[in-house]
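The values are calculated or read from the model by the stated rules, or taken from the named source; none is laboratory data. Since the structure is predicted, the reported quantities are computational estimates derived from the model, not experimental observations. Here the Cβ is made from the backbone with ideal geometry for all residues, glycine too, and neighbour counts use every protein chain on show.
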Amino acid sequence: MLMRWEPLRDVLTLQRTMDRFLDEFLGRPLAQVEASWVLTPHIDLYETDDAIVLKATVPGVKPDDLQISITGDVLTLRGEVREDAEEEGATYYLRERRYGSFSRSIRLPAPVVADEAEATFEHGVLTLVLPKAEEARPKIIEVKGKKSKK
């Protein structure tokens, strides 16, 4: 039995297979991943004995356009990259810079005292120092030896 070859059908089948593979591999649809790469800030989050420290790269964002909130153990960073006005009379050959709002939420690894948080912004990097709550700080317990009886 001969079957007619339809190259478009084969290409579409390959595309669906690749989309399904990437969805399973990445855990979410590729379009969402691509959109998150555009405006979602890249974050480093680490812990010291006294604080949780977050560093977020937010190029093109002004400090006034950032909002940080903490609800329970979830920190949310929101911001907006504002579009520059187009140059009058200019002919654009590329327009790759992205503009718009973003939001990123992260579960904090330990309880913090949000009222004592300090946020600084320099060269497109937000640094947020969140002091740990007293119950989350390490406690040192002294070990005492027992005196032996003779």
Please count how many residues of the range 1-55 are modelled with pLDDT under 75 and not in a helix (DSSP H, G or I).
9
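Quick check: is even one residue across the range 93-108 more than 25 Å from I43 (Cα to Cα), exposed (fewer than 13 other Cβ atoms within 10 Å of the Cβ) and among the hydroxyl-bearing types (S, T, Y)? Give the steps one after another, and end with the answer.
We begin by selecting, within the range 93-108, every residue more than 25 Å from I43 (Cα to Cα); these are 93-95.
Filter once more, keeping what is exposed (fewer than 13 other Cβ atoms within 10 Å of the Cβ): 93-95.
Those still in the list that are among the hydroxyl-bearing types (S, T, Y) too: 93.
Within the range 93-108, one or more residues are more than 25 Å from I43 (Cα to Cα), exposed (fewer than 13 other Cβ atoms within 10 Å of the Cβ) and among the hydroxyl-bearing types (S, T, Y).
A quick yes/no check of all residues on (1) closer than 14 Å to T48 by Cβ; (2) touching a helix residue (DSSP H, G or I) at 6+ places or on another chain (Cβ under 6 Å):
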{"residue": "F102", "(1), (2)": "no, yes"}
{"residue": "I106", "(1), (2)": "no, no"}
{"residue": "T120", "(1), (2)": "no, no"}
{"residue": "L128", "(1), (2)": "yes, no"}
{"residue": "P131", "(1), (2)": "yes, yes"}
{"residue": "A136", "(1), (2)": "yes, no"}
{"residue": "K139", "(1), (2)": "no, no"}
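Out of all the residues in the range 109-135, which are under 18 Å from P63 (Cβ atoms), loosely packed, with under 13 Cβ neighbours inside 10 Å and of a type outside the set (G, A, S)?
Taking the range 109-135 as the starting set, the residues that turn out to be under 18 Å from P63 (Cβ atoms) are 117-130.
Now narrow it down to the ones that are loosely packed, with under 13 Cβ neighbours inside 10 Å: 118, 120, 122-124.
Of everything in the range 109-135, those that are under 18 Å from P63 (Cβ atoms), loosely packed, with under 13 Cβ neighbours inside 10 Å and of a type outside the set (G, A, S) turn out to be E118, T120, E122, H123.
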Keeping to the range 72-114, report how many residues are at pLDDT 90 or above, β-branched (V, I, T) and touching a Lys or Arg at 6+ places or on another chain (Cβ under 8 Å).
4
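Hey, any hits in the range 119-142 for a residue that's among the β-branched types (V, I, T), part of a loop (DSSP other than H, G, I, E, B) and either touching a strand residue (DSSP E or B) at 6+ places or on another chain (Cβ under 9 Å) or at pLDDT 90 or above (or both)? First the steps, then the outcome.
Kept after step one, since they are among the β-branched types (V, I, T), are these residues of the range 119-142: 120, 125, 127, 129, 140-141.
Subset that is part of a loop (DSSP other than H, G, I, E, B): 140-141.
From what is left, the residues that are either touching a strand residue (DSSP E or B) at 6+ places or on another chain (Cβ under 9 Å) or at pLDDT 90 or above (or both) are none.
No: zero hits.
Among the residues of the range 56-63, are any assigned to a helix (DSSP H, G or I) and in contact with a strand residue (DSSP E or B) (Cβ under 8 Å, 6 or more places away or on another chain)?
Residues of the range 56-63 assigned to a helix (DSSP H, G or I): 63.
Checking the rest, the ones that are also in contact with a strand residue (DSSP E or B) (Cβ under 8 Å, 6 or more places away or on another chain) come to 63.
Yes: one or more hits.
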Those residues of the range 67-116 which are touching a residue at least 40 places away in the same chain (Cβ under 8 Å) and assigned to a loop (DSSP other than H, G, I, E, B) amount to R98, L108, P109, A110
